[in-house]
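Quick notes on the structure that follows.
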Amino acid sequence: MCRLRDCSVCECPDNEFPEPFKKPYSGLSPENMICQEGKPEATVDRTLDTKVFKGWVETDNPWTSDDETDNAEMTYVNLQLNPERYTGYTGDSARRIWDAIYKENCPKYPSEDMCQEKKALYKLISGLHSSISVHIAYDYLLDESANLWGHNLSLLHDRVLKYPERVENLYFTYLFVLRAVTKAADYLEQAEYNTGNPEEDLKTQSLVRQLLYNHKLRSACPLPFDEAKLWQGENGPELKQEIQKQFRNISAIMDCVGCEKCRLWGKLQVLGLGTALKILFSVDGENNLNQQFQLQRNEVIALVNLLNRLSESVKFVHETGSSSQEIIKQQSFSTLQKGAS
Ligand SMILES: Cc1cc2nc3c(=O)[nH]c(=O)nc-3n(C[C@H](O)[C@H](O)[C@H](O)COP(=O)(O)OP(=O)(O)OC[C@H]3O[C@@H](n4cnc5c(N)ncnc54)[C@H](O)[C@@H]3O)c2cc1C
């Protein structure tokens, strides 16, 4: 289990919980009804086309084990007060979770013969695992007695950089999620970012637009991942069901993570991945999003936070990758010198 007391999560008090989050979406507001003389059919449909946002709904995600329509036990947590970082969660408990995920649900592909869909599931999980390790290395408790936090480059090297495949999988997961976000651009642009704080909400809308229509990103990476190539074989539908079941198992395993903060980030990021899978594979024959496509507010929150976590990991790996070995050499040289003197 965790060694650190601060691995626990602080839930926000009720007065910090955004008012609009408390009200379930129920169609037109009373003011709107008065304005339309009580006739819902008189309201203007502001949706731009069939793909876009129609208000937050309670909808279950077929890729996850939780019932997303049941919000009874949910609490509100400020993620900025609970950053993903080193928690001291190590040993058998953590290892058992990773073992259960890989061995039972997404074994590493033994040969090139394995179908690309199963490879993709393994890579997605391995990429997420790399990202978690990168965040541990990025924000590590270097000296417990002095409460000194900082980068742990040896850990980054030993757990991620030393294995090119783990770095590749991190990029794979990042591109997969980026593709999902850009595919749902119409929907995400129209979504209602309303927390009751108008300034913050405007900023969020503007940031979402900047992300969705970033020219540099679009030209550097026009198609980050080509999901249309998956499930094309004869047994495509059965394979999709099988992989969906495996991913649901992985999402259920997250409830067994024995460290509260790790569980929070584990569940959030797996929901983010489940949301990316839902976006990429809820399509019609033309590979466009289904007309009935809808996301829950929590799915959007999870998706965007996952993209943030992955892009921060990619950035740290990119910036420190080449220099880390040199720094580690210098660090071990100075430790040796200290030992000798
Ligand atoms: C869902 C979840 C979230 C967690 N979040 C945190 C957190 O926020 N903070 C924290 O301090 N700890 C967290 N942990 C614990 C952390 O991931 C490690 O398990 C722990 O630090 C012990 O690391 P380890 O060196 O034993 O190797 P682990 O990271 O536990 O890896 C176990 C085994 O998996 C394989 N492996 C490792 N990386 C990869 C990869 N990228 N792809 C494929 N295989 C791989 C290797 O064979 C390795 O021996 C979390 C654990 C889980 C299960």
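If you go through region 97-108 one residue at a time, do you hit one that is in contact (Cβ under 8 Å) with a residue 60 or more places away in the chain and more than 12 Å from the ligand (Cβ to nearest atom)? Before you say what the answer is, go through the steps one by one.
Of all residues in region 97-108, those in contact (Cβ under 8 Å) with a residue 60 or more places away in the chain come to 97, 100-101, 104-106.
After this cut, where a residue has to be more than 12 Å from the ligand (Cβ to nearest atom) as well, the list is 104-105.
Looking for residues that are in contact (Cβ under 8 Å) with a residue 60 or more places away in the chain and more than 12 Å from the ligand (Cβ to nearest atom), one finds at least one in region 97-108, hence yes.
Being within 14 Å of the ligand (Cβ to nearest atom) and not hydroxyl-bearing (Ser, Thr, Tyr) is true for just one of Cys259, Cys221. Which residue is that?
Matching residue, one of Cys259, Cys221: Cys259.
Name the pairs: first residue in region 123-146 and free of Cβ contacts under 8 Å to residues at least 40 places away in the same chain, second residue among the hydrophobic types (A, V, I, L, M, F, W, C) and in a strand (DSSP E or B), Cβ to Cβ under 6 Å, at least 6 apart or on different chains?
Leu142/Leu148
Any chance you could count how many residues in region 1-15 are modelled with pLDDT of 65 or more and either exposed (fewer than 10 other Cβ atoms within 10 Å of the Cβ) or among the aromatic types (Phe, Trp, Tyr) (or both)?
Result for region 1-15: 3.
Condition test on Tyr86, is it within 24 Å of Ser313 (Cβ to Cβ), at pLDDT 80 or above, touching a strand residue (DSSP E or B) at 6+ places or on another chain (Cβ under 7 Å) and within 10 Å of the ligand (Cβ to nearest atom)? Quick ask: steps written out before the conclusion?
On the way: within 24 Å of Ser313 (Cβ to Cβ): yes; at pLDDT 80 or above: yes; touching a strand residue (DSSP E or B) at 6+ places or on another chain (Cβ under 7 Å): yes; within 10 Å of the ligand (Cβ to nearest atom): yes.
It is true that Tyr86 is within 24 Å of Ser313 (Cβ to Cβ), at pLDDT 80 or above, touching a strand residue (DSSP E or B) at 6+ places or on another chain (Cβ under 7 Å) and within 10 Å of the ligand (Cβ to nearest atom).
Quick one: which residue in Ser154, Ser126 is out of contact with any Phe, Trp or Tyr (no Cβ under 7 Å at 6 or more places or on another chain), crowded, with 19+ Cβ neighbours inside 10 Å and among the hydroxyl-bearing types (Ser, Thr, Tyr)?
Working: Ser154 fails: crowded, with 19+ Cβ neighbours inside 10 Å.
Only one candidate passes the filter, namely Ser126.
Checking the condition surrounded by 15 or more Cβ atoms within 10 Å (Cβ to Cβ), farther than 22 Å from Leu178 by Cβ and modelled with pLDDT under 95, which residue from Tyr76, Tyr109, Tyr140 passes?
Tyr109
Would you mind finding the one in Leu268, Leu277, Leu223, Leu230 that is surrounded by fewer than 18 Cβ atoms within 10 Å (Cβ to Cβ) and not polar (S, T, N, Q)?
Leu223
Here is a list: Leu207, Leu142, Leu202, Leu161. Which entry is of a type in the set (A, V, I, L, M, F, W, C) and within 19 Å of the chain's Cα centre (by Cα)?
Just one listed residue meets the conditions, Leu207.
Can you name the number of the only condition in (1) over 30 Å from Trp56 (Cβ atoms); (2) within 16 Å of the ligand (Cβ to nearest atom) that Ala146 fails?
Only one criterion is unmet by Ala146, namely (2).
Identify the single condition in (1) part of a helix (DSSP H, G or I); (2) more than 8 Å from the ligand (Cβ to nearest atom) that Leu170 does not satisfy, given that it satisfies every other one.
Against the list (1) part of a helix (DSSP H, G or I); (2) more than 8 Å from the ligand (Cβ to nearest atom), Leu170 comes up short only on (2).
If I filter region 181-202 for residues that are out of contact with any Lys or Arg (no Cβ under 7 Å at 6 or more places or on another chain), away from the ligand (no atom under 14 Å from the Cβ) and closer than 16 Å to Gln269 by Cβ, do I get at least one hit? Walk me through it before giving the result.
So the first thing to find is which residues in region 181-202 are out of contact with any Lys or Arg (no Cβ under 7 Å at 6 or more places or on another chain), and the list is 181-185, 188, 190-202.
In the following step, the residues that additionally are away from the ligand (no atom under 14 Å from the Cβ) were identified as 181-185, 188, 190-202.
Going one step further and asking which of them are closer than 16 Å to Gln269 by Cβ, we end up with 181.
Yes, region 181-202 has at least one match.
Within region 208-315, which helices (runs of 4 or more DSSP H) (wholly inside it) include 2 or more residues that are under 25 Å from Ser133 (Cα atoms) and in contact (Cβ under 8 Å) with a residue 12 or more places away in the chain?
236-253, 260-281
The values are calculated or read from the model by the stated rules, or taken from the named source; none is laboratory data. Since this is a predicted model, take the numbers as computed values, not measurements. Positions of Cβ are backbone-derived with ideal geometry, glycine not excepted, and every protein chain shown enters the neighbour counts.
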